[in-house]
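The values are calculated or read from the model by the stated rules, or taken from the named source; none is laboratory data. Just so you know, these numbers come straight off a predicted model, no measurement behind them. Here Cβ is always computed from backbone atoms with ideal geometry, including for glycine, and neighbour counts include all displayed protein chains. Please note that ligands, DNA and RNA were not included when accessible areas were found on the heavy atoms of the full protein model with its side chains. Shrake-Rupley method; radii C 1.70, N 1.55, O 1.52, S 1.80 Å.
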There are 6 protein chains.
Amino acid sequence: MRPSGRDLSEMRAVSIETGFTKHAEGSCLIKVGATHVLCTATIEDRVPPFIKGSGLGWVTAEYGMLPRATNTRMRREAAAGKQGGRTVEIQRLIGRALRAGVDRVALGERQITVDCDVLQADGGTRCASITGGWVALRLAVNKLMKAGDVISDPLVDPVAAVSCGIYAGQPVLDLDYPEDSEAGVDGNFIMTGSGKLIEVQMSAEGSVFSRDQMNKLMDLAEKGVGELVSAQQAAT
Amino acid sequence: MRPSGRDLSEMRAVSIETGFTKHAEGSCLIKVGATHVLCTATIEDRVPPFIKGSGLGWVTAEYGMLPRATNTRMRREAAAGKQGGRTVEIQRLIGRALRAGVDRVALGERQITVDCDVLQADGGTRCASITGGWVALRLAVNKLMKAGDVISDPLVDPVAAVSCGIYAGQPVLDLDYPEDSEAGVDGNFIMTGSGKLIEVQMSAEGSVFSRDQMNKLMDLAEKGVGELVSAQQAAT
Amino acid sequence: MRPSGRDLSEMRAVSIETGFTKHAEGSCLIKVGATHVLCTATIEDRVPPFIKGSGLGWVTAEYGMLPRATNTRMRREAAAGKQGGRTVEIQRLIGRALRAGVDRVALGERQITVDCDVLQADGGTRCASITGGWVALRLAVNKLMKAGDVISDPLVDPVAAVSCGIYAGQPVLDLDYPEDSEAGVDGNFIMTGSGKLIEVQMSAEGSVFSRDQMNKLMDLAEKGVGELVSAQQAAT
Amino acid sequence: MRPSGRDLSEMRAVSIETGFTKHAEGSCLIKVGATHVLCTATIEDRVPPFIKGSGLGWVTAEYGMLPRATNTRMRREAAAGKQGGRTVEIQRLIGRALRAGVDRVALGERQITVDCDVLQADGGTRCASITGGWVALRLAVNKLMKAGDVISDPLVDPVAAVSCGIYAGQPVLDLDYPEDSEAGVDGNFIMTGSGKLIEVQMSAEGSVFSRDQMNKLMDLAEKGVGELVSAQQAAT
Amino acid sequence: MRPSGRDLSEMRAVSIETGFTKHAEGSCLIKVGATHVLCTATIEDRVPPFIKGSGLGWVTAEYGMLPRATNTRMRREAAAGKQGGRTVEIQRLIGRALRAGVDRVALGERQITVDCDVLQADGGTRCASITGGWVALRLAVNKLMKAGDVISDPLVDPVAAVSCGIYAGQPVLDLDYPEDSEAGVDGNFIMTGSGKLIEVQMSAEGSVFSRDQMNKLMDLAEKGVGELVSAQQAAT
Amino acid sequence: MRPSGRDLSEMRAVSIETGFTKHAEGSCLIKVGATHVLCTATIEDRVPPFIKGSGLGWVTAEYGMLPRATNTRMRREAAAGKQGGRTVEIQRLIGRALRAGVDRVALGERQITVDCDVLQADGGTRCASITGGWVALRLAVNKLMKAGDVISDPLVDPVAAVSCGIYAGQPVLDLDYPEDSEAGVDGNFIMTGSGKLIEVQMSAEGSVFSRDQMNKLMDLAEKGVGELVSAQQAAT
């Protein structure tokens, strides 16, 4: 029934290639099916003004899509002169999600910027960015710990994300683009390795949903995030 | 226990003054406690390019805050030269929420723009904007129907929104600013008059939450939205 | 002869509601007929770089119009990415006008920003902004004096403004929108409570005028400003 | 008493060199003392959308200052990414002023853009731009008439402008920069060759003025504009 | 003598992986040493306004660098709100270079946009973009030919580019970043497979050079481009 | 054979009027045929952040064109809200070129900004800007030396530039606009008074060229630059 032939509760194939670029303190190329995102983590010895002197660290994220990551070429945001509303919304989400797994006291007064750039898109780019972004963050923090710059591990619980939705009347796990563009209801579920919730966003475009449907999507999401966290651990 | 002395499941006082401005096809000033939002609905005989010729209508929203709606003066976005990320995120949410209650075929090929401008802020401005925005939309559509420009009512199910969160360890309904700035977990719940869900956004900043907590917030939200829909109906 | 039935030298009804919003140090909603402007005054303990260390204070203004303050919806300036030429011109004028009534030595090295946001427009928004802006400024300065932060009153002479023009060949006081859009000559007259001139702007669009006509408009303006200053004093 | 040694009612030397650049349909370099402005007029067979199909013509203006036209280098507006408030205000004024002397029916449905670029500034640049801009316009319209593209002369009454102000307590004509930066009150007076008023802008910065003073400045302005119109006629 | 141990006239290792992304009509990941650029070619059935209706095709290019492609993180241009001067200069160069190898009549009235996004930078990114961009263009045109949309091959002579410079007093081929940042003189040489010149840019920063040195760099460039063209042909 | 009737190796008439504006530390109006550029040099006691404290000076340039410097009016860049790609490319070139002739240690920690504004364009504006910009720089540095602010002359070798190209199959010196718009190959050659090369940019648009042609253009350029350096020396 799914265009890809997957079962309702089946994830796409996930691969995470660490060290994809050499300059960043942490980097990986995450592939969730045909969605490919390059994630890099940059450590800087400065924090945003609003926490200067607090002793707390900060984790933030930026998101972008190459113009031809999609089926039709999109206008380059740098050429358009600003980031679109969707981009801004996604990068704020990624930053919030990653911070939920971080002990900012243990991190100390430094900032880690996670850049997520979509090289190829096939649905679920924000979730792949969070999952891959955590890996880049993990690798960067490993460097800090190895160098003795931080003592106790500031990454307290891994963070991963998956989308679920109602496709052709059925709750399905990990929407790809053909499903995503048809689904009347979809959601992004960001959770920790220990099964806690960080952020739940469920949304109906031109449709509505019930609490019962919501609970079924939650069940699928828990399964998916479990598999993603295993993939993260295998990679790092 | 709540700074305002309200019960855990008690909304702030809600008032809706319709016809607050005279030029718009529909307008109201909604007050949810000390949060005051001026909502106007504008009807135009044009639609965005991507639906031109489809026979479908469109509902969109814009959101703004006056510089001194808040305790400290914020920079005027027009002077800054762009809408901030938070503004963009909120106005996209309002538009999606309102469209969920609209039969776009019945509306016909026209656009209604709902402007939500916060005159005074005390937490929950996006929810008040959705609830008040629906009233402005209702009034504007009434004009279309009275004039015979649309035949069957395109507003199929009223839309309202409320925030809930975990404050001092307790699930509470309708966060005001002092609660909102302390709550580790909060959510926005957008529902219809008939009890269906349109959008659920639950988010933890520097914290996590369980499915059990999520369910308790859902219960509170259902109560709150019920009261808001009654207020909408009384006003229109 | 006037669309509103007013006499040639008759102002529209004026009302000033103080304390319209709660966060600002001073605020009012001024209504001059169907022109409604929300004015707030914000006190900050910083001044622009060019007077830092001089001991002098500064008063500045910003102006905006809600998108549907007018008969046809205007594009939101924040969305357009910049303030239009008309907006910039008006807010510079408001700032200059208010400063003319202020003893900047007595004010001390602090800045007061007056925000004038038009909720509903029916001609004369810049004049209403100046008249209402002075009231917001007065209320904010009262707070400073009550707190003992300034000793002698820095507001030396009240400032108010009115428009006059040649409509259907006749000099008329306080143009409303139907008159303003037809008048070949119009002017804005900013004066003090003691009858001094601060700024006179008379302009013909596709027309010219004589010194004699100019003098008649001046006479009307003196009458109008007198009434506005009385309304200011009654309100504060 | 004046820094330049001029009499109270004495203009600076005025020269107008026509044909200063070769591409424009009309051009001149106007020098009013040490204020030098290059004015060009461009004819285009298109009009702004709001008058398309009306048969009426349009005259508009743009204004700029070279970065080192002034004593201290100013930031280039193109590099800053926008025209400043002062620039926008001035170019709107120039356009309005020139249109007052034009019969837009006789001009026919075409647009003339007058560019005024200040090569060297010493006070009064907006007035010199209007006076010189009229000359460029005159030359461009002459070409249209010679080619038979317009039949009756659309330039019905020459337009010129001068500044006056209260300097050291005395009303003086044609302020140069040292006077302008000290004057508590100054004004720009735009008039026609036949002595009619187009625009009067009198403004006090940190000061006030009386109707009597205003009348004295008007007298000076009438004298100055008379001399400027003679210079325009001699040049064209 | 070279930091990498290469001979003076030795290129870095070159690899070209075609089909790196699936949506674009042509794509490759080119690696010149540690410089990695993702190149995609997009075909669109529209041309820029200035050639509409001419029957001629157009090839244009855009260039970008991921924020952490470099040793220190650079600000994302989309976030900065504009493309920097360096970016604009490079993408104009890439477009001009590629067009030199194209028969625009044979291409027909369509546009091909080549996007070059640097995933990892180590000197010579603009040259790698041109060399890889040609491969993406070749693959896209192959599709057009296979589909019968173009009859005769519009790619008349392959285009490739290499940098050379004076490093430590010696002319060297294919500068990497450590050399590039030290070289007083460097140049970019864009040539065709048949040995013709398209563009030569030699530049001294804080230095000068002689015609003799220029000739030596030209000799090196001819060798390098020959090898790059072989790599292009092997890949396509 | 040339539209202007000039010999293949003949420059246009060159004139340099120094002191064209009075505020700048150095200024000239350079005319190369009908190309007229106003160049000013501004000295400031500050340097860009990246060399602060280094003891080195900096020379930078900005370039602009008046809207009607060209045959058809171009949009004003300040109104468009940004400098176009061509402008950015040219001003970076001018800055690099001038710096090549400057001993930045001798200049000391100060910045000289050279503004080149094209009043009238007829081809070769960037070359005229460099040649005239050097004169403005020379005059400004003369002031510094006269005042004893710099001891040894920081201008070590004069810098000038000329364009050459293949027009109608023939190498020609100093392209004017009619030639420039037809030439398949053109180049800009920036050299010093002592015959050294600073920058060579040769480019074919829709064409290619050989090393032999390149050498012939180099020969012409050496002749032209020699004449320009003589004109510079005569003027200063």
A:Ala147 vs. criteria in contact with a strand residue (DSSP E or B) (Cβ under 8 Å, 6 or more places away or on another chain), over 21 Å from B:Asp212 (Cα atoms) and free of Cβ contacts under 8 Å to residues at least 60 places away in the same chain: no
Failed criterion for E:Gln91 (all others in (1) surrounded by fewer than 24 Cβ atoms within 10 Å (Cβ to Cβ); (2) under 18 Å from E:Leu38 (Cα atoms); (3) among the polar types (S, T, N, Q) hold): (1)
Verdict on B:Arg96 being within 14 Å of chain C (Cβ to nearest Cβ), of a type in the set (Lys, Arg) and either out of contact with any strand residue (DSSP E or B) (no Cβ under 7 Å at 6 or more places or on another chain) or open to solvent by 10 Å² or more (accessible area, probe 1.4 Å) (or both): no
In the stretch B:100-122, the residues that are surrounded by 21 or more Cβ atoms within 10 Å (Cβ to Cβ), charged (D, E, K, R) and within 18 Å of B:Thr42 (Cβ to Cβ): B:Asp115, B:Asp117
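Condition check ((1) more than 9 Å from every other protein chain (Cβ to nearest Cβ); (2) of a type outside the set (Val, Ile, Thr)) across all residues:
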position: E:Gly85; (1), (2): no, yes
position: E:Ala100; (1), (2): no, yes
position: E:Glu109; (1), (2): yes, yes
position: E:Thr113; (1), (2): no, no
position: E:Ala121; (1), (2): no, yes
position: E:Arg138; (1), (2): yes, yes
position: E:Leu144; (1), (2): yes, yes
Matching residues in the stretch C:63-76 - criterion: being at the interface with another protein chain (Cβ under 7 Å from one of its Cβ atoms), surrounded by fewer than 24 Cβ atoms within 10 Å (Cβ to Cβ) and closer than 19 Å to C:Ala128 by Cβ: C:Pro67, C:Thr70, C:Asn71
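Each row is one residue, and each column tells you yes or no for (1) surrounded by fewer than 18 Cβ atoms within 10 Å (Cβ to Cβ); (2) hydroxyl-bearing (Ser, Thr, Tyr).
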{"position": "E:Glu10", "(1), (2)": "yes, no"}
{"position": "E:Ser15", "(1), (2)": "yes, yes"}
{"position": "E:Gly33", "(1), (2)": "no, no"}
{"position": "E:Val37", "(1), (2)": "no, no"}
{"position": "E:Thr40", "(1), (2)": "no, yes"}
{"position": "E:Glu44", "(1), (2)": "yes, no"}
In the stretch C:146-170, the residues that are closer than 30 Å to D:Ala97 by Cβ and either among the hydroxyl-bearing types (Ser, Thr, Tyr) or within 14 Å of another protein chain (Cβ to nearest Cβ) (or both): C:Val159, C:Ala160, C:Ala161, C:Ser163, C:Cys164, C:Gly165, C:Ile166, C:Tyr167
Within the stretch B:123-136, considering residues that are more than 14 Å from chain C (Cβ to nearest Cβ), touching a helix residue (DSSP H, G or I) at 6+ places or on another chain (Cβ under 8 Å) and open to solvent by less than 10 Å² (accessible area, probe 1.4 Å), the one nearest to A:Ile198 (Cα to Cα): B:Ile130
Any hit, the stretch B:182-195, residues being within 14 Å of another protein chain (Cβ to nearest Cβ), of a type in the set (Phe, Trp, Tyr) and either farther than 27 Å from B:Arg76 by Cα or more than 14 Å from the chain's Cα centre (by Cα) (or both): yes
Elements of type helices (runs of 4 or more DSSP H) contained in the stretch D:1-109, each with 2 or more residues being more than 20 Å from F:Gly64 (Cβ to Cβ) and touching a residue at least 40 places away in the same chain (Cβ under 8 Å): D:85-99, D:104-107
The stretch A:209-225, residues that are in contact (Cβ under 8 Å) with a residue 12 or more places away in the chain and open to solvent by less than 50 Å² (accessible area, probe 1.4 Å): A:Phe209, A:Met214, A:Leu217, A:Met218, A:Leu220, A:Ala221, A:Gly224, A:Val225
